[in-house]
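Q: Below is one structure. I have some questions about it.
The values are calculated or read from the model by the stated rules, or taken from the named source; none is laboratory data. Source: prediction; values computed, not measured. We place every Cβ from the backbone using ideal geometry, glycine too, and count neighbours over all the protein chains shown. Side chains included, ligands, DNA and RNA excluded: accessible areas come from the protein's heavy atoms. Shrake-Rupley method; radii C 1.70, N 1.55, O 1.52, S 1.80 Å.
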Amino acid sequence: MHLSTVRQHVAALTCSLSVAITATSFVWYAPLLLNIGSPESEVPMTSAQTSWLISSMELGCLFFNIPAGIISNRVGRKYPILFIGPTCGLAFIVLAYTRSLPVLFVLRQIQGLCLALAYVVGPIYIAEVSEPRLRGSTSCHIQTMWFAGCLYDYCVGPYVDYQTYALLCLPIPLLFTATFFFMPESPYYLIMKGRNEEAKQALSWLRGVKEVNEEFKEIEETIGREVYEHGSWKDLFQTKKDRMAFFIVQVCSITKYMGGMPAFANYVSQTFGESTIKYLDHNQLTIVTGVLLTAATFSSCLLSVNFGRRPMLIYSCFCCFLFTFVIGGYFFLDFETAFDVSPYVWVLYVSVIGFIITANVGVGPLLQTVQAEYFTAKTRGIGGALTLVIGSTATFISIKQYQFIQDTVGVYLNYWIWAIVLLFGAICMYFFLPETAGRTLGEIQTDMKNAYQTHL
């Protein structure tokens, strides 16, 4: 493997460790859900308090999304991401030694800040340090690390006590801080700020060669064409091309976050524990789910390069629609009718596995790639921030409604709502989503400009 390929993947992987940190925070309560409402719980809570605590991290993320985008344009890509390590590390230490519900809610807001930084600034950094031939695979590291972080919680949480569980989450922030500290700043950002020598040094390290003048000039020309300034809101909607780019990214975002995977990741242990599936321990099933999520997302790194973004996204959404519809039907028959579904439990297994795999070879990992590719240099920070605002709102609604719908109507309705969202996403992507695989960031903007006339 060429040195440049190795270094770009190292930069992307170390950056993506920040996402693994936020993932361990995001699903931290998932292994505790079945016992958290009992009198023996370390922090006894009602189901309503539990759902608010789990979803409140998205509220923190929602409030910090816009500042994260502004910060990425003002102080750079690297250091806001690096901030995540020590901040989440301190949050885990406090979590280990507190049992106060108000303090836990405050910690969720701090973790939400880190989630905003990871998902607003992280995709920008990875897109800007990667060559076009690698951007699809390097961007997929974000979602792979997300589910790796979830898997870590699934494996550790059920088998240790509360305090030990929190402290065992510390190695990930420590590893991230110790490795990402040595990565270069984004060459795009350095050129935008006129720090040309630093930009050439960063490019030279990332590409593994001393001579980078040609690529430096290409980046400089791209930024010049986009007339880089501090991006404003009107830049997102100034031309038809800009409006279509924003629309496409938001369709992908809403489909991903309202399509069920965030809620599924948080409630998977409870779902397996409360259903009539008794062939395996629910903790074992949750771990298997985490392994499948991580493996499926990792495989998408290769598939998106070989098959392109567009077919992977459309295929992913449509298959997820079918699987979630079937899962909803299974739970409806199981809980709402007298029909004996036990002979057909394999249908549930196959559908859950199918949902996990297809969601994470397309709509899951590729949102960050689409987001980084479709926005211009001057709107990448503010556009990414607004996308995460919309995504955080969608995720909060999806997670918060899950427990309410399960308690008032039935868990099956959650899956049918996800199915409707996924079908809508597949249709929109079929009609509006162009292919961008193998194109430079400048070429993508030129292609979109030609496809969508720039008149208002």
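Q: Going by what's in this entry, would Glu42 be described as part of a helix (DSSP H, G or I) and among the charged types (D, E, K, R)?
A: It is false that Glu42 is part of a helix (DSSP H, G or I) and among the charged types (D, E, K, R).
Q: Additional query: Somewhere in region 342-352, is a residue in a helix (DSSP H, G or I) and under 16 Å from Pro262 (Cα atoms)?
A: Yes, region 342-352 has at least one match.
Q: Also, quick follow-up: Output yes when any residue across region 129-139 is touching a residue at least 12 places away in the same chain (Cβ under 8 Å), open to solvent by 10 Å² or more (accessible area, probe 1.4 Å) and acidic (Asp, Glu), and no when none is.
A: Looking through region 129-139, at least one residue is touching a residue at least 12 places away in the same chain (Cβ under 8 Å), open to solvent by 10 Å² or more (accessible area, probe 1.4 Å) and acidic (Asp, Glu).
Q: Can you give me the number of residues within region 194-225 that are acidic (Asp, Glu), modelled with pLDDT under 90 and open to solvent by 60 Å² or more (accessible area, probe 1.4 Å)?
A: Qualifying residue count, region 194-225: 5.
Q: Can you say whether Ile444 is open to solvent by less than 10 Å² (accessible area, probe 1.4 Å) and over 17 Å from the mean Cα position of the chain (by Cα), as far as the supplied structure shows?
A: In short, yes.
Q: Moving on to the next point. Kindly indicate whether any position in region 72-81 is of a type in the set (A, V, I, L, M, F, W, C) and under 21 Å from Leu206 (Cα atoms).
A: So far as region 72-81 goes, yes, one or more of its residues are of a type in the set (A, V, I, L, M, F, W, C) and under 21 Å from Leu206 (Cα atoms).
Q: Here is a further query. Looking at Tyr165, Tyr125, Tyr154 in this structure, which one is over 30 Å from Glu42 (Cα atoms) and assigned to a helix (DSSP H, G or I)?
A: The unique qualifying residue is Tyr125.
Q: Counting only residues that are in a loop (DSSP other than H, G, I, E, B) and either open to solvent by 80 Å² or more (accessible area, probe 1.4 Å) or modelled with pLDDT of 85 or more (or both), how many does region 239-261 have?
A: Selection size over region 239-261: 2.
Q: If you don't mind, another one. Those residues that are surrounded by 22 or more Cβ atoms within 10 Å (Cβ to Cβ) and either among the hydroxyl-bearing types (Ser, Thr, Tyr) or in a helix (DSSP H, G or I) (or both), I need them from region 67-90; list them, please.
A: Residues satisfying the conditions are Ala68, Gly69, Ser72, Asn73, Lys78, Pro80, Ile81, Ile84, Gly85, Cys88.
Q: State which residue is farthest from the chain's Cα centre (by Cα) when the search covers only region 119-158 and only residues that are closer than 18 Å to Val10 by Cβ and among the small types (Gly, Ala, Ser).
A: This residue is Ser130.
Q: Which one of the conditions (1) modelled with pLDDT of 90 or more; (2) under 14 Å from the mean Cα position of the chain (by Cα); (3) closer than 22 Å to Ile223 by Cα does Arg77 fail to meet, given that it meets all the rest?
A: (2)
Q: Follow-up question, since we're still on this one. Just to confirm my filter: which helices (runs of 4 or more DSSP H) fall fully inside region 374-456 and include at least 1 residues that are within 20 Å of Val251 (Cα to Cα) and at pLDDT below 80?
A: Qualifying helices (runs of 4 or more DSSP H): 380-408, 441-451.
Q: Show the residue pairs meeting these rules: Cβ distance below 9 Å; 6+ apart or different chains; first residue within region 185-199 and over 21 Å from Arg7 (Cα atoms); second residue open to solvent by 20 Å² or more (accessible area, probe 1.4 Å) and not in a helix (DSSP H, G or I).
A: Cβ pairs passing all conditions: Met192/Tyr228; Met192/Lys378; Arg195/Glu185.
Q: Find all pairs meeting these conditions: Cβ atoms under 6 angstrom apart; at least six residues apart or on different chains; first residue within region 153-176 and in contact (Cβ under 8 Å) with a residue 60 or more places away in the chain; second residue of a type in the set (Asp, Glu) and surrounded by fewer than 15 Cβ atoms within 10 Å (Cβ to Cβ).
A: Pairs that qualify, where the first residue is in contact (Cβ under 8 Å) with a residue 60 or more places away in the chain and the partner is of a type in the set (Asp, Glu) and surrounded by fewer than 15 Cβ atoms within 10 Å (Cβ to Cβ), are Tyr162/Glu42.
Q: Is it the case that some residue within region 350-367 is at pLDDT below 90, surrounded by 19 or more Cβ atoms within 10 Å (Cβ to Cβ) and more than 16 Å from Leu313 (Cα to Cα)?
A: yes
Q: Restricting attention to region 335-343, does a residue exist that is over 19 Å from Val421 (Cα atoms), touching a residue at least 12 places away in the same chain (Cβ under 8 Å) and open to solvent by less than 20 Å² (accessible area, probe 1.4 Å)?
A: The answer is yes; a qualifying residue exists.
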